Amino acid sequence: NAEREADVLAGLDADQRRAAEMVDGPLLIVAGPGSGKTRTLTHRIAYLIRHHGAEPGQCLAITFTRRAADEMRERLQYLLPDVWLQLPIFTFHSLGLAILQDNWNVAGLQRGFRIAAESERLDFMREALGVSESRARRLLSAVSHLKRTQSAPEDTQLAEAFRVYQEALEHHNVVDYDDLIGRAADILEAEPGLKATYRERYRWVCIDEYQDVDEQQVRLIKHLVPPEGNVCAIGDPDQAIYRFRGADVRYFKQFETDFTHPQIVRLTRNYRSDRNIVALSSQVIAPSGSEQRSVPVLADDPSLITIHQAPTERAEAEFVVQTLEQLLGGHSFFSLDSGRSASDGVQDLSFSDFAVLYRTEAQTPAIIEALARSGMPFQKRSHTLLMDHPGVPGLVDRLRDTLGTGVIAEQLATILAQPGASDDEALVEAAELLNPIALACDGDWERFWAEIAVGSQVDTWDPRADRISLLTLHAAKGLEFPVVFIMGCEAGILPLTWGESDLDELDEERRLFYVGITRAQRRLYLCHAQKRLWRGRVQERTPSPYLSDMEEHLLERRKAQLPGDRGRKRDHQLELF
Ligand code: ATP
Ligand code: MG
């Protein structure tokens, strides 16, 4: 404890330390996966407060997902146990909301405005235009895209839908999720006095995953920070994967001109993955081998990367489950990890050390069925509506009964301590979902209610649960696991293509695959099937073109066939050869 008080930079290497200490003026940290970008960001905030005289409230940290914000808060709780609660750690959306709430009148809203629920949005669209539900859904997603990319509707019908929908929002005093950031930027733009207040309030601004910002987010940042201000953007252009949502990696490059003469720091050491995984990932992202971007620091004897070919998607899932059982049983893993010292603390693999990644949800039935049959605990990241969780309305009512006084997390604990509450599984789960939000809001109930509304899309995946993780490649961003499986490494899935794909799309698919590979710390399995039930029919599949960019000496290729007739008989015994 005394040690971390003494030097909050003790856990950083020389380059990371240098980046953490550059607290004056714009700074861009560019580095590959596992190089400690997020770690540097948190330590930098601790440094600002411990050694640079910054007030906690002056150090704004922005991330993309609530999950990432929670994780940052957790790391900072450890580094700054006394002041972490005062740190403004926001997602882009919750920051937009907070700005609108504090200035509802400037934004042309009425007091007590809320975020529109998904069902309300659908109703607005349907009623205003007299269209079917599915048509309304398509229009909503088109409007959403327009808002994210700040572009104009191409046809008159969409323009009309946009206009009527917007009127309905206003009429009901609600805002939609996609407007939070843009509207916050609008009011800062319109009111120079307000802009000055925020610039004064947040003297240091740090943003993680900057490669995935979109136009509105950049606009908000540029209002919050003057061109020569103390802004630190962190990211990796090779991991830009949100183009389809309106993000543009161009803004990452543009940082150099959006802000005045930024300093640029590159981190080149990879602390996450073993040598083979690092080598493989650079072959995937730069097949020509032009650049050696990352130097692995793990000294372990690396394992080969397994490429596994299964006859069918069921057999593919079966392979994953058998391998999991084997590794958890401890037969092979220890010999593969001979170089690791006993003090590492990761020798005993548990369920949470495994991630199974896939490109689309459509791939999940086979693996879910196989895992369910095995009895091993797993969790799939699913985006349920917070209020749809059976226990949440059950809990929100009780919280409302407390009349909004006191520290929210304490009120939650009080409710759970009531007789019988801990036996109510739904209630306990709901409390787990609400607790991080409660902690973040401390005693600010207004913000808490709003956060519940804005977080109406929560995911039920809990990084602390000891379960095998099932995640899409997108959802795995920023995370790491000792053992990673990537399923469906086939043309048409990785890259995912729908007929014609443009080159930009294919580049993005490659980066997505790269994000997946670079989640792995020690063992990586790339799986593909020869036949798969895909888009409604059984199809012959060919391996992903990315697999041919890999050097053989890093690989161990395995092929399995079901004995007898090709996969019709569900025999789980695989023959390996
Ligand atoms: P990504 O691009 O995937 O988001 P990142 O660059 O943000 O990766 P981190 O998640 O910050 O990387 O760090 C990767 C892993 O390496 C973490 O487990 C982190 O604790 C560890 N790590 C980073 N820097 C160091 C260091 N100097 N010493 C020891 N471990 C480190
Ligand atoms: Mg990171």
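Bear in mind that the values in this text are calculations on the coordinates, not laboratory data. Computed from a prediction, not measured in an experiment: that's the story for all the values here. Positions of Cβ are generated from backbone atoms using ideal geometry, with glycine treated the same way; all protein chains shown enter the neighbour counts.
Going by how many other beta carbons lie within 10 Å of each one, how would you line up LEU554, LEU48, LEU494, fewest first?
Working: LEU554 18, LEU48 24, LEU494 27.
Ordered by Cβ neighbours within 10 Å, fewest first: LEU554, LEU48, LEU494.
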- Message: Based only on other Cβ atoms within 10 Å, what is the fewest-to-most ordering of ASP397, ASP178, ASP7, ASP208?
- Response: ASP397, ASP7, ASP178, ASP208
- Hey, what do the phi angles of the range 350-356 turn into as Karplus ³J(HN,Hα) couplings, whole Hz, using 6.51/-1.76/1.60 and θ = phi - 60°, x for Gly and Pro? 10, 3, 5, 7, 10, 10, 10
- Message: What are the ³J(HN,Hα) couplings of the range 527-539, residue after residue, when phi is run through the Karplus curve with 6.51, -1.76, 1.60 and θ = phi - 60°? Round to Hz, x for glycine and proline.
- Response: 10, 8, 10, 7, 9, 8, 7, 9, 6, x, 8, 6, 10
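Only helices at least 18 Å long along their axis, Cα-based, and averaging -1.0 or more on Kyte-Doolittle count here, so list those DSSP H runs from the chain.
Values: long enough: 37-51 (20 Å, -0.59); 66-79 (20 Å, -1.44); 133-149 (24 Å, -0.74); 156-171 (22 Å, -0.45); 313-329 (24 Å, -0.02); 425-441 (24 Å, 1.16); 503-517 (21 Å, -0.35).
In the chain, the long hydrophobic H runs are 37-51, 133-149, 156-171, 313-329, 425-441, 503-517.
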- Message: Can you give the FRET efficiency to the nearest 0.05 for ARG111 and GLN326, using r as the Cβ-Cβ distance and R₀ = 56 Å?
- Response: 0.40
- Message: Report, in listed order, any pair from LYS37/LYS380; LYS222/LYS253; LYS195/LYS253; LYS147/LYS222; LYS37/LYS477 with a Cα-Cα distance greater than 23 Å.
- Response: LYS37/LYS380; LYS195/LYS253
- Between ALA491 and MET376, the two model label points (7 Å from Cα along the beta-carbon direction) sit apart by a distance in nm of 3.2
- Task: Rank the residues SER134, SER151 as a footprinting-exposure proxy: fewest other Cβ atoms within 10 Å of their Cβ go first.
- Result: SER134, SER151
- Task: Enumerate the aspartates and glutamates that LYS531 could reach by cross-link, defined here as Cα to Cα under 12 Å, with residues fewer than 8 away along the same chain left out.
- Result: GLU313, GLU316, GLU490, GLU540
- Extension reserve of the GLU200-ALA413 stretch, reckoned as 0.36 nm per residue once the Cα distance is removed: 73.0 nm
- Over the C-alpha atoms of the chain, what are the Rg and the largest Cα-to-Cα span, Dmax, in Å? 24.7, 76
- Can you list residues whose amide H is under 5 Å from LYS559's amide H, if they're 5+ apart or on another chain and H is modeled 1.01 Å from N? GLN309, PHE577
- Nitroxide proxy distance, nm - points 7 Å out along Cα→Cβ at GLU127 and THR156: 2.7
- Taking only DSSP H segments of four or more residues, each worth -39500 (n - 2.57), what value at 222 nm results for the chain once the sum is divided by all its residues, to the nearest 500 deg cm²/dmol? -13000 deg cm²/dmol
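Rounded, prolate or oblate: which fits the range 1-77 when a ≥ b ≥ c are the square roots of the eigenvalues of the alpha-carbon gyration tensor, with rounded for a/c under 1.5 and prolate only if a/b beats b/c?
On the way: a/c = 1.25, a/b = 1.11, b/c = 1.13.
Here the range 1-77 falls in the rounded category.
Between GLU361 and HIS145, what length comes free when the chain is fully extended (0.36 nm per residue of separation minus the Cα-Cα distance, one decimal in nm)?
75.6 nm
Is the range 485-527 best put as rounded, prolate or oblate by its Cα gyration tensor, with a ≥ b ≥ c the root eigenvalues, rounded for a/c under 1.5, and otherwise prolate when a/b is larger than b/c, oblate when not?
Oblate, because a/c is 1.5 or more while a/b does not exceed b/c.
Provide the FRET efficiency to the nearest 0.05 for the THR260-ALA14 pair, computing r from the beta carbons and using R0 = 22 Å.
On the way: r = 26 Å, r/R0 = 1.19.
Approximately 0.25, to the nearest 0.05.
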- Item | Amide H contacts under 5 Å for LEU87, placed H, 5+ residues apart | none
- Query: If you add up the charges near PHE162, with Lys and Arg at +1 and Asp and Glu at -1, over every other residue whose beta carbon is less than 14 angstrom from its beta carbon, what do you get?
  - Reply: -3
- Task: Averaging over all projection directions, find the projected area of the Cα convex hull of the range 99-213 and quote it in nm² with one decimal place.
- Result: 8.5
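What share of Cα pairs, in percent, lie more than 16 angstrom apart in the range 35-138?
Values: 3633 of 5356 pairs.
Of the Cα pairs, 68 percent sit more than 16 Å apart.
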